[in-house]
Amino acid sequence: MQKLLEIMRRLRAPDGCPWDRKQTHESLRSYLLEEAAEAVDAISSGDTRAIADELGDVLLQVAFHSVIGEEEGSFDYDDVESAIVAKLVRRHPHIFADTTVSGADEVVTNWQAIKAAEREERGEAPRSALDSVPRSLPALLRAAEVAKAARWEPPAEPPRLAGDDAGEIGEHLLAVASYARSKGVDPEIALREAIDSAVVAEGEGG
């Protein structure tokens, strides 16, 4: 990681790369989303070389933001690493302390309780389950996470499209995402794989 940070510092130096020098936290947001999506695609492909390559691109984003923070004097890579290490230790008391859990579900429950306690200690206002769902998630994935957070009752069977205007189609997609979640299916991944299959089929048909 130190070598990567050194390279980023060189690229951001006064005589460095003009493109890298002008980037900000805000301008890099779309790249972070894109690189994460490409890493997901690589994992779906099963190509381990591609997975390593795409995860490297995600790591580049971490280094990029860390060096920008370093220049601003707001945070640096050590802060990023220290924060996640402390968080993992703190939120796994069943590993690093004397808490006992019965299984994965209780681990998740404890994680959320510890997370809420951390916010309270920092003097932050309590967040609702819905507020904890990132707005930058792809819409279909966000729909499933919102349905989960709100504990909406999923449809008993695959929903049918009832109308043809934008609002009704949106409600239909939301219901489909909720239904997929209830069946243990990630709707975002399922749709990605369906698109890939359709593209392959179209290519073979053409």
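Working from the pairwise distances between different alpha carbons, so that the mean of 1/r is found and then inverted, what is region 146-190's Kirkwood radius in Å?
On the way: mean 1/r = 0.0923 Å⁻¹.
Every distinct Cα pair counted, the radius reaches 10.8 Å.
Looking at region 98-206, which trypsin sites (Lys or Arg not before Pro) are DSSP coil and have at most 15 other C-beta atoms within 10 Å of their C-beta? The partial results should precede the final answer.
On the way: sites: Lys115, Arg119, Arg122, Arg127, Arg135, Arg142, Lys148, Arg151, Arg160, Arg181, Lys183, Arg192; in loops: Arg122, Arg127, Arg135, Arg151, Arg160, Lys183.
When the trypsin sites (Lys or Arg not before Pro) of region 98-206 are filtered for loop state and at most 15 Cβ neighbours within 10 Å, Arg122, Arg127, Arg135, Arg151, Arg160, Lys183 remain.
Using the heavy atoms of the protein chains and a 1.4 angstrom probe, tell me the accessible area per residue for the chain in square angstrom. The partial results should precede the final answer.
On the way: 14060 Å² over 206 residues.
The answer is 68 Å² per residue.
In region 90-156, carbon and sulfur make up what percent of the accessible area (probe 1.4 Å)?
On the way: 2590 of 4870 Å².
With neighbouring chains kept in place, the figure for region 90-156 is 53 percent.
If you average 1/r over every pair of different alpha-carbon atoms in region 40-175 and take one over that average, what Kirkwood value in Å do you get? Display every interim value, and only then the final one.
Details: mean 1/r = 0.0524 Å⁻¹.
After inverting the mean inverse Cα-Cα distance, the result is 19.1 Å.
Can you compute the charge dipole magnitude of the chain about its Cα centre, using +1 on each Lys and Arg Cβ and -1 on each Asp and Glu Cβ, nothing else charged? Give it in debye, rounded to the nearest 20.
On the way: 23 positive and 40 negative charges, 106 e Å.
Roughly 500 debye for the chain.
Given the chain, what count of lysine pairs have C-alpha atoms under 26 Å apart, with each pair 8 or more places apart or on different chains?
Details: Lys3/Lys22; Lys3/Lys87; Lys87/Lys115; Lys87/Lys148; Lys115/Lys148; Lys148/Lys183.
Eligible lysine pairs with Cα atoms under 26 Å apart amount to 6.
With a cut-off of 8 Å between alpha carbons and a minimum separation of six or more residues, what is the relative contact order of region 17-127 in percent? Mind showing how you got there, number by number?
Values: 55 pairs, mean separation 15.8, N = 111.
Across region 17-127, relative contact order equals 14 percent.
Specify which residue in the list Thr24, Ile43, Leu59 is farthest towards the positive end of the charge dipole of region 22-62, using unit charges on the beta carbon of Lys, Arg (+1) and Asp, Glu (-1), about the Cα centre.
Working it through, the farthest residue towards the positive pole turns out to be Thr24.
Gap in Å between the Cα centre of region 123-162 and the Cα centre of region 101-122?
Distance between centres, Cα-based: 19 Å.
Starting from the Kirkwood Rh over alpha-carbon pairs, what translational D in µm² s⁻¹ does region 8-119 have by Stokes-Einstein at 4 °C and 1.567 mPa s?
Values: Rh = 16.7 Å.
Calculated translational D: 77 µm²/s.
Could you sort Ile51, Ile68 by accessible area so the largest value comes first, with the probe set to 1.4 Å? Walk me through the numbers on the way to the answer.
Working: Ile51 40, Ile68 5 Å².
The ordering from most to least exposed comes out as Ile51, Ile68.
With the cut-off at 14 Å, report for region 83-139 the share of all Cα pairs above it, as a whole percent. Before the final figure, lay out the partial values.
Details: 1017 of 1596 pairs.
Tail fraction, whole percent: 64.
The values are calculated or read from the model by the stated rules, or taken from the named source; none is laboratory data. Remember, it's a predicted structure, so these values are computed and weren't measured experimentally. All Cβ positions, even for glycine, are placed from backbone atoms using ideal geometry, and neighbour counts span all protein chains on display. Note: areas computed on protein heavy atoms with side chains; ligands, DNA, RNA excluded. Shrake-Rupley method; radii C 1.70, N 1.55, O 1.52, S 1.80 Å.
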